[in-house]
Structures are given as C-alpha cells and as structure tokens.
Amino acid sequence: MSKKITKSQQKCLTFIRNFILKKGYPPTRREIAFGCGWKSATAAQQQVERLAKYEYIRLDERSQRNIVVV
C-alpha cells in the first residue's frame with residue numbers, strides 16, 4: 001500500500017471490505033457503484049482499477065466478482 005488514496009477511493013475500498021464481510025463474496029462493479037452512490041458502473045471500475053494499481057486490492061481476471069482485499 002504505497003500510495004495514499006483519495007476519499008472516493010477510500011469510500012470504495014470501505015464498501016468492498018464491508019460487502020465481503022457481510023456477504024462472504026466480493027461485489028460486482030454495479031453493486032459498488034450503487035453502494036457508493038455513483039450513477040455508473042464505469043466510475044466503480046475506474047476506482048477499482050486505481051485501488052488495484054496502488055495494491056490495496058488484487059483482481060482475478062477469471063471472474064466477475066474478482067476482487068481480493070490485500
């Protein structure tokens with residue numbers, strides 16, 4: 001976790017962690033967008049990609065629900 005993240009990215013990360021704790025599996029991009037109050041799954045995808053780039057999460061390309069919190 002080498003880079004500081006924005007408030008929006010922190011909101012996304014917190015949502016992902018809480019979703020996994022509650023449901024036992026990671027959210028889809030659409031669920032992230034809804035949970036964070038964003039209108040588009042593309043906005044969620046952009047935040048997820050940044051979180052992966054900064055190594056806060058890891059993505060498994062084989063699945064739609066492919067987020068692993070590091």
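Just a few scattered comments:
- Loop-located GluC sites (Glu not before Pro) in the chain (DSSP state other than H, G, I, E, B) with a sparse environment of at most 13 neighbouring Cβ atoms within 10 Å: Glu55, Glu61.
- Accessible surface calculations at 1.4 Å, restricted to protein heavy atoms, place the stretch 1-50 at 68 Å² per residue.
- Along principal axes, Cα extents of the stretch 14-70, largest first, whole Å: 25, 24, 20
- Dipole magnitude of the chain about its Cα centre (Cβ charges: Lys, Arg +1; Asp, Glu -1), debye to nearest 20: 200 debye
- The chain - percent of accessible surface contributed by carbon and sulfur, probe 1.4 Å: 51 percent
The values are calculated or read from the model by the stated rules, or taken from the named source; none is laboratory data. As the structure is a prediction and not an experimental result, all values here were calculated from the model. Every residue, glycine as well, gets a Cβ built from its backbone with ideal geometry; the counts of neighbours run over all protein chains shown. We work out accessible area using only protein heavy atoms, side chains counted, and drop any ligands, DNA or RNA first. Shrake-Rupley method; radii C 1.70, N 1.55, O 1.52, S 1.80 Å.
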